[in-house]
Amino acid sequence: MLNALQPGLGLRVNAVSQATGKGKHTTTHQEMFLLQPEFSNAETGAAAGAIVDTPGVREFGLWEVTPDDLALFFPEMRPLLGRCRFGLDCGHDEEPGCAIRKAVMDGQISPRRYQSYLRLKEEL
Ligand SMILES: [Zn+2]
């Protein structure tokens, strides 16, 4: 899948098992690749990001990120931080006068991204 997403990675692939009809574990180490610039957000100019190829890991966690810092990792939210009624104390959830929730309602921030933010914050 990563090879199809970004030709040129040249990641090793393996044939599907004839016995089970399932893919075989082929990735043997974890590696992060920066996405090519054409994957960046044309509207916001947000960086394309990165993808991680990893062997047999089904779950990822965020390390050394606190719930208070999480919004910093959403480039579209960054310019609004500190503009909520409760300033930097806002959790961008139920608080009145939240600039981020307003931006979601105004269509400036994708509701999917906002839901993702809330889900990650819950996990943290
Ligand atoms: Zn807020």
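The values are calculated or read from the model by the stated rules, or taken from the named source; none is laboratory data. Model, not experiment: these values are computed from the prediction. Quick reminder, even Gly has a Cβ in these numbers, built from the backbone with ideal geometry, and neighbours come from all protein chains shown.
Quick notes on this one:
- When segment 69-107 is limited to residues that are under 17 Å from the mean Cα position of the chain (by Cα) and not in a helix (DSSP H, G or I), the one that is farthest from the ligand (Cβ to nearest atom) turns out to be 75.
- In segment 51-64 there is no residue that is assigned to a helix (DSSP H, G or I), out of contact with any helix residue (DSSP H, G or I) (no Cβ under 6 Å at 6 or more places or on another chain) and within 28 Å of residue 107 (Cα to Cα).
- Residue in segment 68-85 that is at pLDDT below 95, surrounded by 12 or more Cβ atoms within 10 Å (Cβ to Cβ) and either in contact with an Asp or Glu (Cβ under 8 Å, 6 or more places away or on another chain) or among the polar types (S, T, N, Q) (or both) present: no
- Considered as a group, the residues in segment 88-107 that are surrounded by fewer than 13 Cβ atoms within 10 Å (Cβ to Cβ) and at pLDDT 95 or above include one that is nearest to residue 49 (Cα to Cα), and that residue is 107.
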